[in-house]
Amino acid sequence: MNEPHSRRLPTPKIFVVANQKGGVGKTTTSVNLAAALARHGKRTLLVDLDPQGNATMGSGIDKRALKRSVYHVLIGLADVIDATQRSERGGYDLLPANRDLAGAELDLVDFDERESRLKDALAPVLDDYDFVLIDCPPSLSLLTLNGLCAAHGVVIPMQCEYFALEGLSDLVNTIKKVHANFNPELRVIGLLRVMFDPRVTLTQQVSAQLEQHFGDKVFRSIIPRNVRLAEAPSYGLPGIVFDPQSKGARAYLQFGAELVERVADWARRSVPDSTEAPR
């Protein structure tokens, strides 16, 4: 997890929410983090890079009615501004997805630098946002590679259970390979414990192992297992909008504040030392 550090790395703005293991609350984290950052006054864009389009539906946008989506952006038939929609209740912008995106893998094969299509598409709008979040599919695919190549950092949501540790090792190895071969700016921002049930002994044990092994890479915020978060997508709402007083909503608001704090800390630490010779 000790990726190379450099003073010349940019302050993180683009974050992939990724985990190669399915069912770990990845999309729930993406949608609620976007809404939480918006609540904290941050201009936020959420990119749905999963052909299932769950982040799109969970943001209140009907994926079946899309005329332009991230698919059209990736293959050059639309730009980000034309395809972006507003999640009015969530308070953030959304680059939506639907099943059309499943065909992108084949369509992108003929493009040069196909792993950088998303990065290049986002470049013109980056100054319009404080944060860009990318919700990736639960697999290592060309779509996920596009997300990792576009990002400054990776947020890893994970359950505190035995098999999650095995999946974490695979994901970290993937991140290292992308860092080495495609994107030297990429780094792990942190691990977020989700669907947390403190009554389960194994959950507490795995959580302690994470803190011991990864130290401050583990976010202080913990997202509890919460039925209101699970219900929210069926209403087309982020959990923090659906029931702001629920434990899950409050936890994601806390997490949004912690991420803002962590990014601000990176910005402070990235300022060159006045005693250091220029390079």
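The values are calculated or read from the model by the stated rules, or taken from the named source; none is laboratory data. Predicted, not measured: the structure shown is a model, and the values here were computed from it. When we count neighbours, we look across all protein chains shown, and the Cβ atoms used for this are built from the backbone with ideal geometry, even at glycine. Just so you know, the surface numbers come from the protein's heavy atoms only, side chains and all, with ligands and any DNA or RNA stripped out. Shrake-Rupley method; radii C 1.70, N 1.55, O 1.52, S 1.80 Å.
Points worth noting:
- Residues considered: Ile240, Ile223. Of these, the only one that is under 15 Å from Leu33 (Cβ atoms) and outside any helix (DSSP H, G or I) is Ile223.
- Among the helices (runs of 4 or more DSSP H) confined to segment 13-84, the ones with at least 3 residues that are over 20 Å from Glu105 (Cα atoms) are located at 26-39.
- Residue within segment 159-179 that is under 12 Å from Ala18 (Cα atoms) and not in a helix (DSSP H, G or I) present: no
- Some residue of segment 231-242 being under 20 Å from Cys160 (Cβ atoms), open to solvent by 10 Å² or more (accessible area, probe 1.4 Å) and at pLDDT 95 or above: no
- Count - residues of segment 138-158 that are assigned to a loop (DSSP other than H, G, I, E, B) and buried (at least 24 other Cβ atoms within 10 Å of the Cβ): 1
- In segment 188-209, the qualifying residues are those that are at pLDDT 90 or above and hydrophobic (A, V, I, L, M, F, W, C), and the one that is surrounded by the fewest Cβ atoms within 10 Å (Cβ to Cβ) is Ala208.
- Candidates Leu49, Leu37, Leu33, filtered to the one that is open to solvent by less than 60 Å² (accessible area, probe 1.4 Å), modelled with pLDDT of 95 or more, more than 16 Å from Leu237 (Cα to Cα) and of a type in the set (A, V, I, L, M): Leu49
- Scanning segment 88-117 for residues that are in a loop (DSSP other than H, G, I, E, B), at negative phi and of a type outside the set (A, V, I, L, M) yields a total of 8.
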